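First comes the structure, then the notes that go with it.
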Amino acid sequence: MYFKPFKAIIWLSIIILISGCDSRFKAELLLSDYVQDLDRSQLIEIDAPAIVMPTGFPQARYRRNTLSEFDVSLIDFLSLQRCDIGIVAGRKNSILGRVMLDSQRFLYEIDIVRAIESCSIDDSALEKELMAVAQQKRIELPKAFGNAIFNGDESEAFFSLSNGFLPLNYSTAKQQSLLNALTRFVKIGSDVEALPVIQSDVFEQDLKHLMDSEYAGRLLFSLMYIRRYLDQVTAQVSQLSEKDCGAPVNYLKQQFEVHYVKQVQPYMGRLSQSAYQVLPLLNELVELSHLTPEMRVFFKQYDMTSDQSEWQQYQIASQRHAKAWSALFHVCGMGVGGQSN
């Protein structure tokens, strides 16, 4: 058995650097240990993979949809006091109303449409003007909805790539609050034309669940890193053939079982299990929202059907990695876990 001691020193330095980080990056220890021990074999030459970060969450100015403004004259305002229009419009025209968060602006847009359409107005000219406003705002509700969900501080944290990997012990049991929030958002987006009555405190709390989870950014970060590591291994293992069988491949098989089968693969399984619950809801939410072109590009990374998405690239990398090892074990007459083919 041949080893590369000098290169092992480089890997040791990488592991020491990683281990000095907090728990957000401990998943990389599993990956680096796996690749480092494979790299000890003379059959394989693996460098630390070059990490190309995925597309980051667009800045606020590239996320926000522009909404029309609704202003009424003082005379019209006074004449509408018998309707909810005056109350709702007054809320928007207050000092706090002029600096509404996008989440509150969405709730206001629903309320003002409902108020206009439910008000009996004697002045036909004013009625015609207000109905035109209501019609325009109905068209804009998916824009307001997209702003509310994806344009606040909550979404910044939810999609941030700076939070590292999903934790090693992450499980679907830890994301129930997130799933409940996303489910309620999808229900609102699906019913937006019916002008649903939305509790402001519940809506804001659901946005906070997104922020607290930091899930979407961590998932994307994890998928990208794992894929890069697996691709490095796959490229090397695919080059081996029957002439390499024997002790050298026995050593590689041991590392595959110790690192990948017992540690990396279970982590990937937990990651995939959680993603299969969250991503369908997230993608449905995207379809229910009117988003800017920059946001559409960003969300393609989470698409579960496109071969170009980060999610699908991760799936493909995982399958190629498994097939490369399976092919090598087959030609060498080996099975995983001490079984022979």
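The values are calculated or read from the model by the stated rules, or taken from the named source; none is laboratory data. None of the values given here were measured: they were computed from a predicted structure. Positions of Cβ are generated from backbone atoms using ideal geometry, with glycine treated the same way; all protein chains shown enter the neighbour counts. For accessibility, only protein heavy atoms count, side chains too; no ligands or nucleic acids. Shrake-Rupley method; radii C 1.70, N 1.55, O 1.52, S 1.80 Å.
Details
- Using Cβ point charges alone (K and R +1, D and E -1), the dipole size of the range 186-314 about the Cα centre works out to roughly 640 debye.
- Heavy-atom accessible area per residue - the chain, 1.4 Å, Å²: 50
- Full extension of the chain between Ala247 and Gln176 yields a length gain of 20.8 nm, computed as 0.36 nm times the residue separation minus the alpha carbon distance.
- Every Cα-Cα pair in the chain was counted, and those over 30 Å apart are 50% of them.
- Legend: residues Val237, Val52, Val202, sorted from most to least accessible area (1.4 Å probe; ligands, DNA and RNA excluded), read Val52, Val202, Val237.
- With R₀ fixed at 56 Å, the C-beta to C-beta distance from Ile139 to Ala235 puts the FRET efficiency at about 0.65.
- Given charges at Cβ of Lys, Arg, Asp, Glu: the chain dipole, positive-most of Cys83, Leu281, Asn250: Asn250
- Couplings 3J(HN,Hα) of the range 158-166, computed from phi: 4, 9, 5, 8, 8, 8, x, 6, 5 Hz, in residue order, whole Hz [Karplus 6.51 cos²θ - 1.76 cosθ + 1.60, θ = phi - 60°; x for Gly and Pro].
- Using Cβ point charges alone (K and R +1, D and E -1), the dipole size of the range 172-254 about the Cα centre works out to roughly 380 debye.
- Among Gln104, Gln199, Gln232, the residue with the largest mean-square fluctuation in a Gaussian network model of the chain, with springs joining Cα atoms closer than 10 Å, is Gln199.
- When chymotrypsin sites (Phe, Trp or Tyr not before Pro) are flagged only if DSSP places them in a loop and at most 13 other Cβ atoms lie within 10 Å, the longest unflagged stretch of the chain comes out as 4-341.
- Spin-label model, Val297 to Ser68: label points 7 Å out along the Cα-to-beta-carbon direction sit 3.0 nm apart.
- Comparing mean-square fluctuations of Ala216, Ala317, Ala235 from a GNM of the chain with C-alpha springs under 10 Å, the top value falls on Ala235.
- Length gained on full extension, Lys187 to Val99: 29.0 nm, using 0.36 nm per residue less the C-alpha separation.
- Hypothetical label at Lys208: residues of the range 127-159 whose amide nitrogen lies under 13 Å (7 Å Cα-Cβ projection): 154
- Of all lysines in the structure, the ones whose alpha carbon falls short of 16 Å from that of Lys208, not counting any fewer than 8 places away in one chain, are Lys174.
- A Förster radius of 25 Å combined with the Cβ-Cβ distance from Thr55 to Asp307 puts the calculated FRET efficiency at roughly 0.95.
- Exposure check, 1.4 Å probe, all protein chains in place: Thr234 carries approximately 20 Å² of accessible surface.
- What you get for the chain, charging only the Cβ of Lys and Arg (+1) and of Asp and Glu (-1), is a dipole of about 1080 debye around the Cα centre.
- Fluctuation leader among Ile85, Ile188, Ile139 - the chain, Gaussian network, Cα springs under 10 angstrom: Ile139
- Helix-only CD estimate at 222 nm, as mean residue ellipticity for the chain, using -39500 (n - 2.57) per DSSP H run (n ≥ 4): -20000 deg cm²/dmol
- Remark: C-alpha extents of the range 162-233 on the principal axes read 53, 22, 21 Å, sorted largest to smallest.
- Between Ser118 and Ala194, the FRET efficiency from the beta-carbon distance, with R0 = 22 Å, is close to 0.95.
- Inter-label distance for Gln273 and Ala322, nm, one decimal - labels placed 7 Å from Cα along Cα-to-Cβ: 1.5
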